[in-house]
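First the structure, in the form of structure tokens, and then the observations on it.
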Amino acid sequence: MGIDTLGVIGAGVMGSDIAFVAALAGKRVIVCDVAEDPLARGLERVRDLAGRAQARGQIDDAGHEALLARITTTTRTADLADCDLAIEAVSERMDLKREIFAQLDATLKPGALIASNTSGLSITELAAVTTRPEAVLGVHFFNPAVVMRLVEVIQGRETSDATLGAAESFVRELGKSPVRVRECPGFLVNRVLVRAMVEAYRLASELGVAPAHADAAVVDAGPAPMGPFGLGDLIGLDTMDHIQRDLEAAYGERFSDAGAIAGQVAQGRLGRKAGGGFLTDEAAPDPRADAAQAVAQRYYLGALNEALRCADEHIAARADIDLAMRLGAGWERGPLAWADGQGAAAILSTMQELTASAGNRFHPTSLLRERAADGRSLIADADTDPGTTPR
């Protein structure tokens, strides 16, 4: 099915950005929110984005006017009845999202798709309040949606292949890159990235490595564009605290940060938005560079171990795992390609050592064992992956 008319529920920053991107691609967009004030603010943001696009030469005067004309606003869910796809982009509250999904199910025409922009809540649970679970999915844009190319297309338990295919085509029409992900807590990028971050937090605390030194070592040692402490401060440590707790509840001890984030939050240090977090003023030169390098190695091994788990669980195809980390986390290379540079046998040996010393969270996966045994690349033949459809 083609998606020509998009409904966006929630006129906040993310909803407004999605509306702009869709209108820029020629789609008709209806933005729905509970009151006129948030709609007015959202529309003002769209106008600002359109103005910037015009200043860059992306659109001309006529294109600017046409883009704005393609967007309408409403406070009535009933006005979304003719949408081909509705994307919910409200706060991460399951109760609120379930209420919205039930309303959309009762309103949208037969065959229309219902999606959530959630970064980690269960698509299957949202689908359960509808009469069309096969047409429910996640369409997770990364922030800022205007800039970021990655969109995780999330498959719930009953999401059909036709629904996934239609959503992927729509995402490509927006100029974005879809990555198909089978539902799991944290989805793909957040799951891999947060695992890497908490590993770094734990070891840095154990070894007494300053956050700034750890971050510098991470950037020097591998493909990440910034270190885990600066990234946490950028995201917001109150947000990180929520994500980390949810992932630890879902996956257990391997997502524990030994209280590092909660300790900052308890002191009111929430990151850049609050004037400070993990990172303080320039740290003095580190006389123990080996310790910082150990933190960097642990960061990348944490990401790799979680990426390999996602591959073994058929959460995403291996090529898509690396693509998602490049586009969604800004890595120069994905974790599997990074591991190929180290050699699977060497990585396996290190993982086995860590399993003995740091706990079962580094237990080598079947894919790593196979590739270490036969010398093949972890990523080179990824086009033969069986896909993400549950078996």
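No value in this document is a laboratory result; all are computed from the given coordinates. Every value quoted in this text rests on a predicted model; they were computed, and no experiment measured them. Cβ: placed from backbone, ideal geometry, glycine included. Neighbour counts: every protein chain shown.
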Relative packing of peptides 47-59, 94-106 - highest average C-beta neighbours within 10 Å first:
94-106, 47-59
Sequence neighbours fewer than 8 away in the same chain don't count; with that in mind, list the lysines whose C-alpha is under 24 Å from Lys273.
none
In order over the stretch 315-321: 3J(HN,Hα) from phi, Karplus 6.51/-1.76/1.60, θ = phi - 60°, whole Hz, x for each Gly or Pro, gives 5, 7, 5, 4, 4, 6, 4
What three numbers, in Å, describe the spread of the alpha carbons of the stretch 177-331 along their principal axes, ordered from the longest?
44, 30, 28
What FRET efficiency comes out for the pair Glu206/Arg272, r = Cβ-Cβ distance, R0 = 22 Å, nearest 0.05?
0.30
Other residues with Cβ under 11 Å from the Cβ of Ala145 give, with Lys and Arg +1 and Asp and Glu -1, a net charge of +1
Quick one: net charge of Leu164's neighbours, Cβ under 12 Å, K/R +1, D/E -1?
-4
Through the Karplus equation 6.51 cos²θ - 1.76 cosθ + 1.60, θ set to phi - 60°, convert the phi angles of the stretch 273-280 into ³J(HN,Hα) values in whole Hz; use x for Gly and Pro.
5, 10, x, x, x, 4, 8, 10
Give me the tail of P(r) for the chain as a percent: Cα-Cα pairs with distance above 30 Å.
43 percent
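Given contacts defined as C-alpha pairs under 8 Å and at least six residues apart, what's the relative contact order of the stretch 5-182, whole-number percent?
Values: 345 pairs, mean separation 35.6, N = 178.
Once divided by the residue count of the stretch 5-182, the mean separation gives 20 percent.
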Which residues does the label zone of Glu36 cover in the stretch 73-92, counting backbone N under 17 Å from a point 7 Å along Cα→Cβ?
73-77
The stretch 294-354-the stretch 214-247 distance, computed between alpha-carbon centres (Å)
16 Å
Considering amide H positions built from the backbone, and no H for Pro or chain starts, which residues 5 or more places from Arg182, or on another chain, come under 5 Å of its amide H?
Gln155, Ala316
